[in-house]
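This report refers to the structure that appears directly beneath it.
The values are calculated or read from the model by the stated rules, or taken from the named source; none is laboratory data. Computed from a predicted structure; not experimentally measured. In this analysis, Cβ positions are derived from the backbone assuming ideal geometry, glycine residues included, and neighbour counts consider all displayed protein chains.
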Amino acid sequence: MSTAIKANPRSERISVGRRTVGSDAKAGWFFLLPFLVLALLFILYPVAQAAVMSFFDWDLLTQRATNFGLDNFVTMLGGEGLTWSATTMLTWRLPLLLVAAAAAVALAKGARDRGGLAAVVAASLVLVVLLGIHPGVDGQWNDPRFWAALQHTVEFTVVSTPLLVGLGLVMALVVNIPSRLSTVYRTAFFLPYVLPVSVVTMIWIYLLDPNRGLVVWMTDLFGIDPVDFLNSPSLALPSVILTTVWWTVGFNMVLFLAGLQDIDPHLYEAAQLDGAGRWAQFRHITLAGLQRVFLLVLVTQVVASFQVFGQIYLMTRGGPGDASLVLIQNIYETGVRDSKLGYASAQSLFLLAVILVVSLAQLRLLRKDA
């Protein structure tokens, strides 16, 4: 039985029997409507509300808004006795210069997305200039705690992201090799990810305990004095990074593993026949085939790292002092503990802007058609 296919140029629809498919978007909007309603209620509305609250001194207890203006942003970003130096925060400015250089090279080669790459170059150079601003000898930031939290958040992201992405790829390559134990390895690597943050932090607090933890027992074997990792200003944040890597790297492994299994094995056979070695196969087949997965993992990992909170709060409470304080914890304490919803909203918008800029820069620089 044949099916008649008729084209209707006026409505730009294709009729197949009695069914109509094509430009009729009613069904699509019908299926999108539940998500759009939830996004409006729980994403767009809270963001808009935070944007409004950021311009007021909004008290959590009384719900009163006073003093409309930019005072919250001045408190957050401003200071007294500020100066500029070419060497200040050089370790952070050099990577930004490399990003600007990479985008400029892509522009010189005639990349398609010239407008986006030009924006990346401009934003990177602006940040390089802004990071040179710092308090002078007798100066200070209006809110030094905010800047400490921002620095620790960036440090956490810069250190943890390469570890989580790199180890996730290595683990995926290992478990992708056919063997009797591959299923065991997959389960072992992914198992920590299903644990809640409270269980993960309890495990690592016990492991790092300076009196009875497993790490102390191991250091005793080598005659090393016990180290209180979570109460050390220089080791508290690295300890949380180690915990985070152990906890979440399994998810990245699963994403990379799905990408590896999607690569056509005949490509490797053809490369072997052409005399390509393992490194050449890995570079031109494996990495090329994982380009989209790599971009997905990198962007989602950066976003997640900027929003770190649970393991920090449960393991160190941002201490000792403010040695491991991060932005989300500072926002939470400002809004809930200090009842300053307006100032907390201003910090939230700043964090949102940072995440958007970093994510868009990654998408512009790493996507295939850039």
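Have a look at A304, A270, A276 and point out the one that is surrounded by fewer than 19 Cβ atoms within 10 Å (Cβ to Cβ) and within 16 Å of the chain's Cα centre (by Cα). Walk me through it before giving the result.
Working: A270 fails: within 16 Å of the chain's Cα centre (by Cα); A276 fails: within 16 Å of the chain's Cα centre (by Cα).
Just a single option satisfies the conditions, and that option is A304.
How about region 189-291: which helices (runs of 4 or more DSSP H) wholly inside it have at least 1 residues that are touching a residue at least 12 places away in the same chain (Cβ under 8 Å), assigned by TED's automatic domain parsing to the domain that holds P320 and of a type in the set (V, I, T)? It would help to see each step written out before you state the result.
On the way: elements: 197-207, 214-221, 236-261, 265-273, 278-281.
Where helices (runs of 4 or more DSSP H) fall fully within region 189-291 and carry at least 1 residues being touching a residue at least 12 places away in the same chain (Cβ under 8 Å), assigned by TED's automatic domain parsing to the domain that holds P320 and of a type in the set (V, I, T), they are 197-207, 214-221, 236-261.
Please determine whether any residue of region 157-174 is closer than 22 Å to I331 by Cα, buried (at least 20 other Cβ atoms within 10 Å of the Cβ) and not assigned by TED's automatic domain parsing to the domain that holds M89.
Yes, some residue in region 157-174 is closer than 22 Å to I331 by Cα, buried (at least 20 other Cβ atoms within 10 Å of the Cβ) and not assigned by TED's automatic domain parsing to the domain that holds M89.
Evaluate region 53-69: report whether one residue or more is assigned to a helix (DSSP H, G or I) and touching a helix residue (DSSP H, G or I) at 6+ places or on another chain (Cβ under 6 Å).
Yes; the residues of region 53-69 include at least one that is assigned to a helix (DSSP H, G or I) and touching a helix residue (DSSP H, G or I) at 6+ places or on another chain (Cβ under 6 Å).
Looking at G115, G132 in this structure, which one is more than 23 Å from V336 (Cβ to Cβ) and either of a type in the set (D, E, K, R) or in contact with a Lys or Arg (Cβ under 8 Å, 6 or more places away or on another chain) (or both)?
Of G115, G132, the one residue that is more than 23 Å from V336 (Cβ to Cβ) and either of a type in the set (D, E, K, R) or in contact with a Lys or Arg (Cβ under 8 Å, 6 or more places away or on another chain) (or both) is G132.
Is there a residue being of a type outside the set (K, R), in contact with a Pro (Cβ under 6 Å, 6 or more places away or on another chain) and either at positive phi or surrounded by fewer than 18 Cβ atoms within 10 Å (Cβ to Cβ) (or both) anywhere in region 283-294? Give the derivation first.
Within region 283-294, the subset of a type outside the set (K, R) is 284-291, 293-294.
Checking which are in contact with a Pro (Cβ under 6 Å, 6 or more places away or on another chain) leaves us with none.
No, region 283-294 has no match at all.
Specify which of the listed residues (L235, L195, L214, L221) is among the aliphatic types (A, V, I, L, M) and crowded, with 16+ Cβ neighbours inside 10 Å.
Values: L195 fails: crowded, with 16+ Cβ neighbours inside 10 Å; L214 fails: crowded, with 16+ Cβ neighbours inside 10 Å; L221 fails: crowded, with 16+ Cβ neighbours inside 10 Å.
Step by step, each of L235, L195, L214, L221 is checked, and only L235 is among the aliphatic types (A, V, I, L, M) and crowded, with 16+ Cβ neighbours inside 10 Å.
Quick check, is A27 part of a strand (DSSP E or B), modelled with pLDDT under 85 and not assigned by TED's automatic domain parsing to the domain that holds S345? Explain how you work it out, then say what you get.
Details: part of a strand (DSSP E or B): no; modelled with pLDDT under 85: yes; not assigned by TED's automatic domain parsing to the domain that holds S345: yes.
Criteria not met by A27.
From the list D209, D225, D220, which residue is of a type in the set (D, E, K, R) and closer than 16 Å to M315 by Cβ?
D209
Test A48 against the criterion of being assigned to a helix (DSSP H, G or I) and surrounded by 12 or more Cβ atoms within 10 Å (Cβ to Cβ), and give yes or no.
Values: assigned to a helix (DSSP H, G or I): yes; surrounded by 12 or more Cβ atoms within 10 Å (Cβ to Cβ): no.
Spelling it out, it is not the case that A48 is assigned to a helix (DSSP H, G or I) and surrounded by 12 or more Cβ atoms within 10 Å (Cβ to Cβ).
Tell me yes or no: at least one residue of region 117-130 is hydroxyl-bearing (S, T, Y) and modelled with pLDDT under 85.
yes
Out of everything in region 46-71 that is touching an Asp or Glu at 6+ places or on another chain (Cβ under 8 Å) and at pLDDT 90 or above, what residue ends up being nearest to L360 (Cα to Cα)?
Among those that are touching an Asp or Glu at 6+ places or on another chain (Cβ under 8 Å) and at pLDDT 90 or above, it is D71.
Give the residues of region 306-344 that are in a loop (DSSP other than H, G, I, E, B), in contact (Cβ under 8 Å) with a residue 60 or more places away in the chain, more than 13 Å from F146 (Cβ to Cβ) and out of contact with any Ser or Thr (no Cβ under 8 Å at 6 or more places or on another chain), sorted by residue number.
Correct list: G319, G321, S339.
Only one of these conditions is not met by A101: (1) surrounded by fewer than 16 Cβ atoms within 10 Å (Cβ to Cβ); (2) hydrophobic (A, V, I, L, M, F, W, C); (3) modelled with pLDDT under 90; (4) closer than 22 Å to L237 by Cβ. Which number is it?
Unmet for A101, out of (1) surrounded by fewer than 16 Cβ atoms within 10 Å (Cβ to Cβ); (2) hydrophobic (A, V, I, L, M, F, W, C); (3) modelled with pLDDT under 90; (4) closer than 22 Å to L237 by Cβ: (4).
What residue, of G132, G110, G115, is more than 26 Å from the chain's Cα centre (by Cα) and outside the structural domain of S359 (by TED's automatic domain parsing)?
Unique residue meeting the criteria: G110.
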